[in-house]
Structure formats: C-alpha cells, structure tokens
Amino acid sequence: DQQVKQNSPSLSVQEGRISILNCDYTNSMFDYFLWYKKYPAEGPTFLISISSIKDKNEDGRFTVFLNKSAKHLSLHIVPSQPGDSAVYFCAASQDTGRRALTFGSGTRLQVQP
Amino acid sequence: ETGVTQSPTHLIKTRGQQVTLRCSSQSGHNTVSWYQQALGQGPQFIFQYYREEENGRGNFPPRFSGLQFPNYSSELNVNALELDDSALYLCASSLGGPTRTGSGYTFGSGTRLTVV
C-alpha cells in the first residue's frame with residue numbers, strides 16, 4: 001500500500017525549460033511535504049518543503065505546489081539546468097511523535113543541454 | 001562541519017547471517033533515523049533514535065534492531081538475513097529530537113547490502 005506515489009519514473013526536458021515533477025498521496029493525515037534530490041552514490045539532499053496550511057512555496061528556481069483536495073503536489077524547476085539531472089523523491093510526514101518520512105519511489109530527471 | 005558517515009559502503013552477506021551497519025552523525029546532531037531503500041523504490045523508514053532510545057519504528061520485524069551511543073553515532077543490526085534484505089541502507093541525522101526534522105535531515109551515502 002503505497003501512500004506516496006510518483007507515477008512517472010523518468011522525465012526528460014531541455015535546458016532552460018520548465019521541469020514539472022508530480023506526486024500523489026493517499027493518507028489525509030499527512031500535513032508536511034518535502035522534496036529531496038539524489039545524485040548517484042550520494043544520500044538524498046533536502047530541496048524544498050511545504051506545510052499543509054500553504055498551497056505554494058518558492059525557493060529560487062524551485063517551487064512546490066500543494067493541492068490538498070486532490071492530494072497532489074508538484075515540484076517546478078524553472079529554468080532547468082543540466083546540474084538538476086538527478087532522482088527526485090517526494091516525501092510526506094504527519095504530526096505524530098514518530099516524525100517518520102514516507103517516500104515516493106522517485107522520478108529520474110534528465111536535463112538535456 | 002562533517003557530514004554523515006556510513007560504513008561500510010558495500011557489504012555481501014549470506015542468507016541467515018547477521019550484519020551490523022554503522023553511522024556517524026553530523027556534528028551537533030542528536031537524532032538518527034535509518035531507512036531501507038530497495039532497488040527502484042523510495043527509502044522506507046526503519047526506526048529513529050533520540051537520546052539513545054528508540055523513538056518510533058516502521059513496519060520492520062524485530063530482527064532489525066539498533067543502538068545509539070552517547071556520541072550520537074548509531075548502529076543498525078539485522079539478524080537472520082533474508083534475500084529481500086538486499087538494499088541500500090541510509091542513515092539520516094538531525095537536531096532537536098522527534099520534531100518535524102525532515103528538512104533538517106542530513107543523509108549519509110548509504111551502505112549497499114547484498115544478501116546471497
């Protein structure tokens with residue numbers, strides 16, 4: 001039972017264009033969402049997060065949008081750069097004492113020069 | 001400031017054996033979480049340690065156990081290894097205990113465990 005789903009295993013975009021990575025979740029108790037980026041042979045690194053009280057959060061080229069009614073979030077990267085090529089994981093957590101993260105299966109982004 | 005260090009980087013074990021994986025937290029971090037990432041999947045939460053006590057556990061059997069030491073380093077022990085335990089094991093450290101630490105996680109590069 002996957003509570004966080006990333007249905008696109010891979011995405012290819014041209015340098016300078018927008019990359020849109022999507023994520024769906026099923027657990028309505030999730031109230032905090034994060035995106036991580038992972039390069040080969042490295043651990044995931046935190047990219048951006050959003051609380052359920054917001055519908056948008058921006059940080060430079062990265063924007064995360066949250067649609068609570070649809071249980072959907074997306075990460076927009078504008079403009080995309082070749083260095084953005086990596087695997088992107090969506091993760092969610094809920095306000096419990098455990099604070100565990102539930103990850104999606106990841107989307108491999110390839111930005112073509 | 002050093003990051004999270006995991007050892008060993010790669011390991012091959014035989015089914016039924018026991019394994020210990022190690023993690024040194026980032027300097028100043030007092031909370032450690034362990035995740036299992038099977039091939040083609042996202043990381044799955046195993047458990048978290050804070051102040052040397054287990055603070056939350058995912059859907060993993062008791063043969064997965066852990067320790068946190070006074071210097072905040074940590075070990076993950078797996079007994080009676082099964083083929084399905086083959087995965088990348090990630091350690092993440094953070095500061096401040098069991099709070100909303102996802103954004104404050106620093107992940108190590110992981111230990112790739114292969115069970116044959």
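The values are calculated or read from the model by the stated rules, or taken from the named source; none is laboratory data. Values in this document were obtained by computation on a predicted structure and should not be read as measured data. Methodologically, a virtual Cβ is constructed for each residue, glycine included, from the backbone with ideal geometry; neighbour enumeration extends over all protein chains shown. Quick note on the areas: whole protein, heavy atoms, side chains included, nothing else; ligands and nucleic acids left out. Shrake-Rupley method; radii C 1.70, N 1.55, O 1.52, S 1.80 Å.
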Problem set entry | Which numbered condition A:Ser74 fails, given (1) open to solvent by less than 50 Å² (accessible area, probe 1.4 Å); (2) within 14 Å of chain B (Cβ to nearest Cβ) | (2)
Exercise. Does A:Glu42 satisfy the condition of being among the charged types (D, E, K, R) and either in contact with a Cys (Cβ under 9 Å, 6 or more places away or on another chain) or under 18 Å from B:Gly104 (Cα atoms) (or both)?
Worked result: yes
For this session: Restricting attention to segment A:33-74, report how many residues are among the polar types (S, T, N, Q) and farther than 19 Å from A:Ser19 by Cβ.
Result: 3
Seminar exercise, completed: Cβ pairs under 6 Å, 6+ apart or interchain, first in segment B:51-63 and touching a residue at least 40 places away in the same chain (Cβ under 8 Å), second open to solvent by less than 100 Å² (accessible area, probe 1.4 Å) and basic (Lys, Arg), ordered by first then second residue, are B:Gly56/A:Arg98
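Here is a yes/no grid of residues against (1) open to solvent by 60 Å² or more (accessible area, probe 1.4 Å); (2) within 14 Å of chain A (Cβ to nearest Cβ); (3) in a strand (DSSP E or B):
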{"position": "B:Gly3", "(1), (2), (3)": "no, yes, no"}
{"position": "B:Ile12", "(1), (2), (3)": "yes, no, yes"}
{"position": "B:Gly28", "(1), (2), (3)": "no, no, no"}
{"position": "B:Tyr35", "(1), (2), (3)": "no, yes, yes"}
{"position": "B:Phe47", "(1), (2), (3)": "no, yes, yes"}
{"position": "B:Phe60", "(1), (2), (3)": "no, yes, no"}
Problem set entry | Subset tally (residues that are open to solvent by less than 50 Å² (accessible area, probe 1.4 Å), within 15 Å of A:Val87 (Cβ to Cβ) and within 12 Å of chain B (Cβ to nearest Cβ)) for segment A:1-32 | 3
